[in-house]
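Chemist: Here it is, the structure, as structure tokens.
Just so you know, all these numbers are worked out from the coordinates, no wet-lab data involved. Remember, predicted model here, so these are calculated numbers, not experimental data. Cβ placement follows ideal geometry from the backbone for every residue including glycine, while neighbour counts extend to all protein chains displayed.
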Amino acid sequence: MSTTGAGTNAIARDAIGPLLTASHDGLAEGGARSIRVLSRGFGLGAGTSAPGLFVERIAPGFVARRSARLRDGVVLVSGTNGKTTTAAMIASILSAQGLDVVTNASGANLFRGIAGALAVAPRSASAGVFEVDEGALERVVRATRPRMLVLTNVFRDQLDRFGEPEMVAKALTGAAQVLPPGAVILANADDPLLWPSVEHLSPSGFGVRGHRGRTQSIDGEPELCARCGSSLEYLERTFAHLGQARCSRCSWRSTTPGLTVEIRDCSGLERLGITTGGCEILLRIGGVHNAYNTAASLAAASALGIPPTLAIQPLQTFRPPFGRTERLEFEGTRFLLVLMKNPAGAGAVIDQILGERDIATVVVMVSDQWSDGRDVSWIWDADFESLARSGLPVVTGGRRAADAAVRLKYAGSVPRAVLPNVVGALRRACRIAPIGGTVAILATYSAMLDVRAAIFASRVGRMAPVTG
Amino acid sequence: MYPDVLRTYGDRGNVLTLLRRAEWRGFRVALDEATIGESVPAGARLILLGGGTDRAQRTMGPDLAKRRHELAAAAESGAVVIGICGGYQLLGERFVAADGEAIDGLGLLDAKTVTRPRRITGPVRAVAQLWGRALELVGFENHGGRTSLGPRADPLGVVPKGQGNNGRDGTEGALQGNVVGTYLHGPVLPLNPMFADTLLERALGPLTGWEPLSPLDDSLERRAHEAARRMKR
């Protein structure tokens, strides 16, 4: 090798390069941890993206380097609904097997959210499980080079961002196509919009059996065959557009999935009786959508070498992560806080809430921040009619409380009050509910954060511990 | 029409609004749904075509040719036809999809639409004139199509806030005889009860002797209208 200036520079660069990178990474990690501590101290919430933003600026390429150091690899979860719960389930399964798992906080599912999670991961971390926003997925796949990608479903959600469900499917497919060789793809075989778009990449499938949802889906996508555009016929429709289907014209039909979860009992908000791999289990989360999340995580575990009989154990004590469903207390009244994001999700949780005996009043909180989707017209595709038919008194809240009120009015139930102010809506619901009755709050993402903030900040309110 | 195909975008809310507002005035309303291969129901007084995905709209292309005459005849005989977003595009003469494939529309509006990659999205406020009534419309637009109107169609309104039909000429929607088109979502009719009532009055005119509809308590709708109006782009 020559010892001219250029050669010396090259040697120097090769020697110093990694040192600089390492120190940048160290700086990134240290800085990110400090930012996280500060953010928490100021009560900015778990979803802050400040650490990740810092990391991106200080140490480009950090995510790739840090991911490569995770001995047991990275699992990514994406799709419209169920990302957070599925990722949390997979993380709990892997933790129960003794792996040191790093995950991203709920809602921090853009590139910088994953960067932030990796930046504050302990040295001992050996595996990463991250939920990833559909729009950010390709970039995250390229950086983290995961061993597995789990795709939950495609629904109409945040149309102002994605435009159409087909575009979401395209984003997921695009990301799946740049996975490293040997990576495994798991996809929902009951999703006639998702499955055909990744079929050519030989995914493994998961699905749910044993539950017939409403036969006429008012809140699903138009059920058209992905191959020829003709309408689909369902042999068993679990909910919205998910189920076993075949095309009325061409030869397309749903694949039989490698792993299925069979629903025995789906009646409660926080109970789900299922059968899988020969075991009968009772889970402490409710709803058909959670049966799908369970199926996805068991399929992921199985592909990682953990059989369902082992994987199911930690799921028996699994509680939904931050905010999906949460029991709270405020000024002497018990609340059940439930997240709703889109028509199918809202329909599913309304269904469950109506199955609970102690619900006395319902607060419907709709906001229109970027995290909620700025266009709230999706509430017209959600089945609020069954809520109206139940006769339960309703209060609407959130920044678009009036839109929610109009929706309820046309569904057949004029709300008792329309109160954009969060505390006002909670207080009115408390007054309406009879003693001992629980108030259910159906909230969009930012409204849910507002509720938590209001209760947390209130001197009178306190969080009830999560009990049996 | 095409409810199982063109219902991606909250148009159920528009149908529900028209239905209930007519019922609350004492009308008995029948809701018919006509999909691919089915004729326009006879005697329909108000026909709504909603929004849909590009793929869904293309699926309907062949059927549109069969419906042209039926819908034109219905409009001639006094039915109101309203198209929203995708439905609006298909009421025009021609619709060009993102990949350049062109389909002939229903030809009830002198309008042509070309799809561009950049989507026009955001809150909208339009000032409209509809059959002699001045309306302020609020809503949300979300479309890749750029629609331009020919001489036989009037715009529904102008957009002091928003991009409207094509982001260039300041117009929103279209109006030609009894046929109306708009890009507004919200859904547009629950957020704009006067717009809904104007459509109903026109459609029900022959039955009511052109009496105005009795007023309803729209205080909730007005609050929602205000909240939508305040949205910033």
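Chemist: Of all the stretches in chain B, which is the longest one without any exposed loop site, taking GluC sites (Glu not before Pro) in a DSSP loop (any state but H, G, I, E, B) with at most 12 other Cβ atoms within 10 Å?
Modeler: Value returned for the longest uninterrupted segment is B:102-233.
Chemist: Before rounding to the nearest 500, sum -39500 (n - 2.57) across all DSSP H runs of length at least 4 in chain B and divide by the residue total; then give [θ] at 222 nm in deg cm²/dmol.
Modeler: On the way: 6 runs with 73 residues, N = 233.
Result for chain B: -10000 deg cm²/dmol, rounded to the nearest 500.
Chemist: Just to confirm my understanding: which cysteines in the protein assembly as shown have no other cysteine beta carbon less than 4.7 Å from their beta carbon?
Modeler: That list is A:Cys266, A:Cys279, A:Cys430, B:Cys85.
Chemist: Next question. Which whole number gives the average, over all residues in A:395-403, of C-beta atoms from other chains lying within 10 Å of the residue C-beta? All intermediate terms of the calculation are to be shown ahead of the outcome.
Modeler: Values: counts 0, 1, 0, 0, 3, 5, 4, 11, 12.
Partner Cβ neighbours, averaged per residue: 4.
Chemist: Lys and Arg at +1, Asp and Glu at -1: add these up for the other residues within a Cβ distance under 11 Å of A:Leu94 and post the number.
Modeler: Working: positive: none; negative: A:Asp72, A:Asp100.
Charge balance near A:Leu94 sits at -2.
Chemist: Any chance you could tell me what percent of the C-alpha pair distances in the protein assembly as shown go past 35 Å?
Modeler: Tail of the P(r) past 35 Å holds 47 percent of the pairs.
Chemist: Another question, then. Return the FRET efficiency for the residue pair B:Ser39, B:Asp169: r is the Cβ-Cβ distance, R0 is 41 Å, and the value is rounded to the nearest 0.05. Before the final figure, lay out each step's value.
Modeler: Values: r = 36 Å, r/R0 = 0.88.
Efficiency, from the Cβ-Cβ distance: 0.70.
Chemist: Separate question: For a footprinting-style exposure proxy, rank B:Trp24, A:Trp252 by other Cβ within 10 Å, fewest first. Don't jump to the answer; show the numbers that get you there.
Modeler: Details: B:Trp24 12, A:Trp252 20.
Fewest-to-most ranking of B:Trp24, A:Trp252: B:Trp24, A:Trp252.
Chemist: On to the next question. Give me the net charge of A:Ser78's neighbourhood, meaning all other residues with Cβ under 9 Å from the Cβ of A:Ser78; Lys, Arg count +1, Asp, Glu -1. Present the calculation step by step, with values, prior to reporting the outcome.
Modeler: Numbers: positive: A:Lys83; negative: A:Glu131, A:Asp133, A:Glu134.
Local charge sum for A:Ser78: -2.
Chemist: Further question on the same structure: I need A:Asp372, B:Asp154, A:Asp265, B:Asp99 ordered by Cβ neighbour count within 10 Å, fewest first.
Modeler: Numbers: A:Asp372 24, B:Asp154 17, A:Asp265 13, B:Asp99 8.
Placing the least packed residue first, the sequence is B:Asp99, A:Asp265, B:Asp154, A:Asp372.
Chemist: Tally Lys/Arg at +1 and Asp/Glu at -1 over every other residue whose Cβ is under 13 Å from the Cβ of B:Arg152; what's the total? Let's see the in-between values first.
Modeler: Values: positive: B:Lys112; negative: B:Glu93, B:Asp110, B:Asp154.
Result for the neighbourhood of B:Arg152: -2.
Chemist: For A:Lys341, list the lysines whose Cα falls under 18 Å from its own Cα; do not include residues on the same chain fewer than 8 positions away.
Modeler: A:Lys83
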